[in-house]
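Remarks on the structure that follows.
The values are calculated or read from the model by the stated rules, or taken from the named source; none is laboratory data. Just so it is clear, the model here is predicted, and its values are computed rather than measured. Here the Cβ positions follow ideal geometry from the backbone for every residue, glycine too, while neighbour counts run over all protein chains shown. These accessible areas exclude ligands, DNA and RNA; they are computed on the full protein's heavy atoms, side chains included. Shrake-Rupley method; radii C 1.70, N 1.55, O 1.52, S 1.80 Å.
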Amino acid sequence: MVFQKGSGLNLSVLVVDDDAVIRKIHSMLLENLGVEVQVALNGQQAVELHRLGSSFDIVLIDMEMPVMNGPDATKELRKMGVDCLIVGVTSHALSFEKEAFIEAGVNFCFAKPLNVQKLGCILQELSKPHN
């Protein structure tokens, strides 16, 4: 499946990463898929956004960040009742590290660089009307 700019996905995504370049790349990739994007610099900011009433269809969160890492933020979001799709992104390709992220509550875990086609398929599925 090929995704093009303006494909009209009516979704909102929170991109959580401490690296400004990665935030920009992920934001641009998602915006090119027609997704509304907001960013947070670490897990604590992501948790605080939800605590203040923001909601997202997807949280795309990095594993290693200062202040609050991805797994800790994911656990906190799940404790708060956040049930949106949480996608972990990590530069670690080791299976036990991905498994630890999944145990924290992410729905999927991708290694960097982000696989746009896989993410696009997930976004496409989420944007379909459900009965």
Listed by first then second residue, the pairs whose first member lies in segment 17-31 and is touching a residue at least 12 places away in the same chain (Cβ under 8 Å) and within 20 Å of Asn69 (Cβ to Cβ), whose partner is part of a helix (DSSP H, G or I) and of a type outside the set (Phe, Trp, Tyr), with beta carbons under 8 Å and at least 6 positions apart or on separate chains, are Asp17/Arg23; Asp17/His26
Within segment 104-113, the count of residues that are at pLDDT below 80 and open to solvent by less than 50 Å² (accessible area, probe 1.4 Å) comes to 0
Of the residues in segment 114-123 that are closer than 17 Å to Val15 by Cβ and either in contact with a Cys (Cβ under 8 Å, 6 or more places away or on another chain) or not in a loop (DSSP other than H, G, I, E, B) (or both), the one that is most open to solvent (accessible area, probe 1.4 Å) is Lys118
For segment 83-113, the count of residues that are without any contact (Cβ under 8 Å) to a residue 12 or more places away in the chain and among the small types (Gly, Ala, Ser) equals 1
